[in-house]
Structures are given as C-alpha cells and as structure tokens.
Amino acid sequence: MATNATWTVVFDDKRVINHTVKNDEGHSIGYTIDDDAFWNDPKFSNIWAIQYGTTPSDDAVEHRDSTSHTAYDSSVLGNFNDFTTRWDSAHLTQLQSDWDNDNVENETAEQKINRLGARPTSYSS
C-alpha cells in the first residue's frame, strides 16, 4: 500500500480520514460517513481501501480480491471529491458542535464570539 497518504478511505468502516487535519493529540481526523447508498455503489464492490494523495500513486487502491493495487482512476471510481466533500460536511458539523458546547458561565453571545470567533458556517479541505 502506498505511504504518506493525504486521505485514507476504509470501505468496511465507511470511514474517510484526512491526514492533513489533526486533533489536539496530533492524530489524523476521520469520520464515519453513514450513507449506505454511497458506499454500496457497485463501482466500490471490490475495493477494501484507498490511500489518496500518495507517492507513489500507482498502488493507492487496495482490492478485496487478488487484484493488484492500482492507481486511483476517476473515470472508474468517480471524482475523489465525492469523499472529501462528505468529510468536509462531517467536519463542519463537528466544528459547530464544538463551538456550541464551548460555553463559559454567564458569558454573553458577544463575549463568546470575541473569545472563539464566529460560529463556523462552512468548511472546505
């Protein structure tokens, strides 16, 4: 499998991991994407995992059977943005939840915005 990926997709876990965004402990952030219609697309039926944005890129797609690892082919698998936009949406939801739950007793809305900045309304990786 390719190394130093920017993104990892694990099909059995329905998980998309962005290796460029880290949590407070320095770990890559991944989200489980609950969208069975997306994951059950026949074009993914023989794929176990994808390591995207790798060097070398010729072994980025790992298959379930004995098929050799291959490069990501957007003409077969679709644009990789199909994964990143789902991750972005999950990450925005998490950022909004974190903001909503970061409260200080007796703090006004204006004080909260001064302390944290405006509540996130979009995210694009």
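Values in this text are rule-based calculations from the coordinates and carry no lab data. Treat the numbers as computed from the prediction; the structure is a model and nothing was measured. Every residue, glycine as well, gets a Cβ built from its backbone with ideal geometry; the counts of neighbours run over all protein chains shown.
As a check on your grasp of the helix formula, calculate [θ] at 222 nm for the chain: sum -39500 (n - 2.57) over DSSP H runs of n ≥ 4, divide by the residue count, round to the nearest 500.
Working: 4 runs with 37 residues, N = 125.
That calculation yields -8500 deg cm²/dmol at 222 nm.
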Exercise. What order do you get for Thr85, Thr8 when you list them from fewest to most C-beta neighbours inside 10 Å?
Worked result: Thr85, Thr8
Seminar exercise, completed: A chain fully extended from Asp98 to Arg64 at 0.36 nm per residue, minus the present Cα-Cα distance, gains in nm 8.6 nm
Seminar exercise, completed: With label points set 7 Å from each Cα along the Cα-to-Cβ direction at Leu116 and Thr55, the distance between them in nm comes to 3.9
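Are there GluC sites (Glu not before Pro) in the range 41-125 that DSSP marks as loop and that have at most 14 other Cβ atoms within 10 Å, and which are they? Display every interim value, and only then the final one.
On the way: sites: Glu62, Glu105, Glu107, Glu110; in loops: Glu105, Glu107.
Hits after loop and neighbour filter: Glu105, Glu107.
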For this session: At a Cα cut-off below 28 Å, give the lysines reachable from Lys43, other chains included and same-chain residues fewer than 8 away excluded.
Result: Lys14
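Based on the Cα gyration tensor of the chain, what are the three equivalent ellipsoid semi-axes, each the root of five times an eigenvalue, rounded to whole Å and given largest first? If you can, show how the numbers build up before the last one.
Values: eigenvalues 249, 43, 26 Å².
One finds semi-axes of 35, 15, 11 Å for the chain.
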Exercise. Over the range 7-116, what relative contact order in percent results from Cα pairs under 8 Å that are six or more residues apart?
Worked result: 20
